[in-house]
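A.B. asks: Before I ask anything, here is the structure I am working with.
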Amino acid sequence: GKKTFVQGHYVYYHYMQDKFDDKGWGCAYRSMQTIISWFVEQRYANVDIPTHLAIQKTLVDLKDKPKEFLGSREWIGSFEISLCLDQLLGITSRILNISSIDDIVERGPEIEEHFNTNGTPIMIGGGAFAYTIAGIDFNLDTGDIKLFILDPHYTGSDNLKNILEKGWCGWKGLDFFQKNVFYNLCMPQRPTLI
């Protein structure tokens, strides 16, 4: 197939970074931190990467979540990430809904086009899991598709060799994903500079 990737640099965020234990609930927060790092690295934004608490505070301030959400271990999803990106960076996102992971094949051209035009990392959430998509390997003729996944569920040290060898960042087929759940993709749009 044809491989298409995120354009530019980003930081891979995952569980247990910054001495913060978010194992079991913080995967979408970590995906959002990776996405925000892309906007910072490309100099579209000059902000600190928000902590989990800062993300929660943003959602409470927007009245998307009740005050009790602050300091909780509650999950967030693609929609909440899009709200935060808009509030914190002024970035709009496109939300792509797919009824099951197998349907992503039909959306392959759209994901490919996203990387060609916007070039931003994509957060994918479904069931109890969230991941960051940094690339797609797609064959339009056969429908074969693989996604380059940055897995926020990794809990080890930031040893790139170990991360790559153990497959925490790498190509994943559709069998990697949970079946029988719907997925939402948060596809941040690159700002148009005048």
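The values are calculated or read from the model by the stated rules, or taken from the named source; none is laboratory data. What you see is a predicted model, and the numbers here were worked out from it, not measured in a lab. All Cβ positions, glycine included, derive from the backbone under ideal geometry; neighbour counts span all protein chains shown. The accessibility values were calculated without ligands, DNA or RNA, using every heavy atom of the protein model including side chains. Shrake-Rupley method; radii C 1.70, N 1.55, O 1.52, S 1.80 Å.
A.B. asks: Test each condition in (1) touching an Asp or Glu at 6+ places or on another chain (Cβ under 9 Å); (2) open to solvent by less than 70 Å² (accessible area, probe 1.4 Å); (3) touching a residue at least 40 places away in the same chain (Cβ under 8 Å) for Lys3 and report the one that comes out false.
C.D. replies: (2)
A.B. asks: So which residues in region 160-192 are open to solvent by 70 Å² or more (accessible area, probe 1.4 Å) and among the polar types (S, T, N, Q), if there are any at all?
C.D. replies: Gln178, Asn180, Thr192
A.B. asks: Could you say whether any residue in region 151-159 is within 21 Å of Ser100 (Cα to Cα) and of a type in the set (Ser, Thr, Tyr)?
C.D. replies: Checked against the condition, which is being within 21 Å of Ser100 (Cα to Cα) and of a type in the set (Ser, Thr, Tyr), region 151-159 yields no hits at all.
A.B. asks: Would you point out which residue out of Ile122, Ile81, Ile136 is within 21 Å of Cys27 (Cα to Cα), in contact with an Asp or Glu (Cβ under 6 Å, 6 or more places away or on another chain) and among the aliphatic types (A, V, I, L, M)?
C.D. replies: Ile136
A.B. asks: For region 46-77, name all the residues that are part of a helix (DSSP H, G or I) and touching a helix residue (DSSP H, G or I) at 6+ places or on another chain (Cβ under 8 Å).
C.D. replies: Passing the criteria: His52, Ile55, Gln56, Thr58, Leu59, Val60, Asp61, Lys67, Phe69.
Residue by residue, here is whether (1) in contact with a helix residue (DSSP H, G or I) (Cβ under 8 Å, 6 or more places away or on another chain); (2) open to solvent by less than 20 Å² (accessible area, probe 1.4 Å); (3) touching a residue at least 24 places away in the same chain (Cβ under 8 Å) holds:
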residue	(1), (2), (3)
Ile81	yes, yes, yes
Thr92	yes, no, yes
Asp102	yes, no, yes
Glu106	no, no, no
Pro109	no, no, yes
Pro121	yes, yes, yes
Ala128	no, no, yes
Ala134	no, yes, yes
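A.B. asks: Can you tell me which residue within region 33-79, out of those that are polar (S, T, N, Q) and more than 19 Å from Ile133 (Cβ to Cβ), is surrounded by the most Cβ atoms within 10 Å (Cβ to Cβ)?
C.D. replies: Gln56
A.B. asks: Take the residues of region 12-23 that are surrounded by fewer than 15 Cβ atoms within 10 Å (Cβ to Cβ) and over 17 Å from Leu70 (Cα atoms): which is nearest to the chain's Cα centre (by Cα)?
C.D. replies: Step by step, filter region 12-23, then rank; the result is Lys23.
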